[in-house]
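Asker: First the structure, then my questions, so here it is.
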Amino acid sequence: MSVEGNYFKVNYRVNITLTSDSAVKAVLATNVPTNATGGFNITVTIPFCTSPGEYKINATDGINSKATGFEVLGPSITIDPVTARVGETIIVEGKLFRDIKPGDYILLNQERWSL
């Protein structure tokens, strides 16, 4: 994701963190240079281990600080159709899961199906 800021200390460095309940959950970038007007733009990655929920992205140069709200989405699945007879095909779609690894599986009615 792209993080952009303005009006920080000119030609200085900014640190960017992910916070929740005033606690730092992840350091997203350090020593990001500001330009001649105190602006910066950087691409950061939210760590994979971050739990879904409401957070703030905070940028600070040690004197000036600004935070903005950010939501980390969790994985989800949809099933279509939501009812079916034995032997009918259903489509299960998952979003925001990690990449499939050898040995991964799903459980349907307590029966294990390899991916």
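Asker: Hey, can you tell me all the residues within the stretch 41-53 that are surrounded by fewer than 11 Cβ atoms within 10 Å (Cβ to Cβ) and under 20 Å from Arg98 (Cα atoms)? Let's see the steps before the verdict.
Answerer: If we filter the stretch 41-53 for residues that are surrounded by fewer than 11 Cβ atoms within 10 Å (Cβ to Cβ), which is where we start, we get 43, 45, 48-49, 51.
Correct list: Thr45, Phe48, Cys49, Ser51.
Asker: Go through the stretch 11-40 residue by residue and tally those that are among the polar types (S, T, N, Q), at pLDDT 95 or above and surrounded by fewer than 12 Cβ atoms within 10 Å (Cβ to Cβ).
Answerer: 4
Asker: Continuing with the same structure: Taking the residues in the stretch 92-106 that are touching a strand residue (DSSP E or B) at 6+ places or on another chain (Cβ under 9 Å) and of a type in the set (Val, Ile, Thr) as candidates, determine which candidate is nearest to Pro81 (Cα to Cα). Let's see the steps before the verdict.
Answerer: Filtering the stretch 92-106 down to residues touching a strand residue (DSSP E or B) at 6+ places or on another chain (Cβ under 9 Å) leaves 92-97, 103-106.
Those left that are additionally of a type in the set (Val, Ile, Thr): 92, 106.
On the way: Val92: 9, Ile106: 18 Å.
Per the stated criteria, the residue is Val92.
Asker: Out of the residues in the stretch 60-115 meeting the condition of being charged (D, E, K, R), closer than 30 Å to Thr17 by Cβ and surrounded by 10 or more Cβ atoms within 10 Å (Cβ to Cβ), tell me which one is modelled with the lowest pLDDT.
Answerer: It comes out as Lys95.
Asker: If a residue must be in contact (Cβ under 8 Å) with a residue 40 or more places away in the chain and not hydrophobic (A, V, I, L, M, F, W, C), how many such residues does the stretch 63-86 contain? Reasoning before the result, please.
Answerer: Looking only at the stretch 63-86, we keep the residues that are in contact (Cβ under 8 Å) with a residue 40 or more places away in the chain, and these are 63-64, 66-67, 70.
This time we only want the ones that are not hydrophobic (A, V, I, L, M, F, W, C), so: 64, 66.
Total meeting the criteria: 2.
Asker: Given the options Thr89, Thr50, name the one that is in contact (Cβ under 8 Å) with a residue 12 or more places away in the chain and either part of a loop (DSSP other than H, G, I, E, B) or within 20 Å of Gly5 (Cα to Cα) (or both).
Answerer: Working: Thr89 fails: in contact (Cβ under 8 Å) with a residue 12 or more places away in the chain.
Only one candidate qualifies: Thr50.
The values are calculated or read from the model by the stated rules, or taken from the named source; none is laboratory data. The shown structure was predicted, so the numbers you read here are calculated from the model rather than taken from an experiment. Using ideal geometry, Cβ is built from the backbone for each residue, glycine included, and neighbour counts are taken over all protein chains shown.
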